[in-house]
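Laboratory data are not the source of any read-out in this text; all were calculated from the coordinates shown. Owing to the predicted nature of the structure, the values given are computational and were not obtained by experimental measurement. So basically every Cβ, Gly included, is an ideal-geometry build from the backbone, and we count neighbours across all protein chains shown.
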Amino acid sequence: MTREATIERKTSETQISLSLNIDGPGKSLIQTGVPFLDHMLDLFSKHGLFILTVAANGDTHIDDHHTVEDIAICLGEAFKKALGNGKGITRYASVSVPMDEALCNIAMDISNRPCLSFNVDFPKTKVGTFDAELVEEFFNAFVNNARMSLHIDMVRGQNLHHIIESIFKAFGVCLDKATQIDPRKDDIPSTKGVL
């Protein structure tokens with residue numbers, strides 16, 4: 001069973017082509033026009049063991065908001081499509097991932113019910129030219145389109161780059177765990193019979 005999806009999104013603000021293979025070796029080709037996001041998606045796919053390709057052209061001359069949000073929409077749609085009905089997946093996962101002094105805890109439930117709990121106190125508003133507030137926007141757009149519950153809790157951290165990097169690494173590791181097929185499960189992981 002191949003668990004992959006390709007999503008195309010064209011608006012007056014962005015043009016995005018995204019392809020995802022959940023069961024990959026952790027390779028990516030990312031060109032979003034937002035260099036910091038390229039870096040975060042690259043390490044997300046590496047540590048999540050996904051194959052991810054993203055090509056985006058957005059109105060970054062205004063700011064990065066539309067591009068970041070629309071890429072997250074596409075990524076969420078791709079995961080939902082690639083997982084299908086979710087038969088046999090682990091469904092739940094949680095991880096703690098450090099990045100030097102920063103430590104992030106993430107827990108998730110691939111539940112078909114979108115919910116984001118984002119408990120992060122950023123020490124600054126920008127990493128270079130990237131607005132830190134866009135991190136929450138990214139994950140909000142992702143969960144609304146992947147239709148999953150995601151809890152992101154920053155335990156500690158001082159360096160903004162390290163904090164955001166620990167979040168994206170934890171997200172990749174946790175999503176890999178939650179989407180793995182459990183050979184003991186022969187059905188959809190819900191007492192309702194549907195996610």
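Scanning segment 1-36 for residues that are more than 25 Å from residue 87 (Cα to Cα), aliphatic (A, V, I, L, M) and touching a helix residue (DSSP H, G or I) at 6+ places or on another chain (Cβ under 6 Å) gives 16, 30, 34.
Say we look at segment 24-56 and pick out the residues that are β-branched (Val, Ile, Thr) and out of contact with any Cys (no Cβ under 9 Å at 6 or more places or on another chain); which of these is farthest from residue 7 (Cα to Cα)?
The first filter runs over segment 24-56 and keeps only residues β-branched (Val, Ile, Thr), leaving 30, 32, 34, 51, 53-54.
Filter once more, keeping what is out of contact with any Cys (no Cβ under 9 Å at 6 or more places or on another chain): 30, 32, 34, 51, 53.
Numbers: 30: 14, 32: 15, 34: 19, 51: 14, 53: 10 Å.
Here the answer is 34.
Okay, residues lined up against (1) surrounded by 16 or more Cβ atoms within 10 Å (Cβ to Cβ); (2) among the aromatic types (Phe, Trp, Tyr); (3) within 30 Å of residue 62 (Cβ to Cβ); (4) in contact with a Cys (Cβ under 9 Å, 6 or more places away or on another chain):
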residue	(1), (2), (3), (4)
86	yes, no, no, no
126	no, no, yes, no
132	yes, no, yes, no
142	yes, yes, yes, no
193	no, no, no, no
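Kindly provide the set of residues from segment 47-64 that are in contact (Cβ under 8 Å) with a residue 60 or more places away in the chain and surrounded by fewer than 18 Cβ atoms within 10 Å (Cβ to Cβ), ordered by number. Step through it out loud before you land on a result.
We begin by selecting, within segment 47-64, every residue in contact (Cβ under 8 Å) with a residue 60 or more places away in the chain; these are 47-50, 63-64.
Once the filter is applied, which keeps residues that are in contact (Cβ under 8 Å) with a residue 60 or more places away in the chain and surrounded by fewer than 18 Cβ atoms within 10 Å (Cβ to Cβ), segment 47-64 yields only 63.
One residue stands out among those in segment 79-101 that are part of a strand (DSSP E or B) and not aliphatic (A, V, I, L, M): the one that is farthest from residue 5 (Cα to Cα), which is 98. With the structure loaded, tell me whether residue 78 is more than 29 Å from residue 125 (Cα to Cα), in contact (Cβ under 8 Å) with a residue 12 or more places away in the chain and of a type outside the set (Phe, Trp, Tyr) or whether it fails that test. Yes, satisfied. Scanning segment 86-101 turns up no residue that is within 13 Å of the chain's Cα centre (by Cα) and among the aromatic types (Phe, Trp, Tyr).
Rundown of residues vs (1) part of a strand (DSSP E or B); (2) under 18 Å from residue 88 (Cα atoms), yes/no style:
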{"site": "138", "(1), (2)": "no, no"}
{"site": "145", "(1), (2)": "no, no"}
{"site": "150", "(1), (2)": "yes, no"}
{"site": "166", "(1), (2)": "no, no"}
{"site": "175", "(1), (2)": "no, yes"}
{"site": "183", "(1), (2)": "no, yes"}
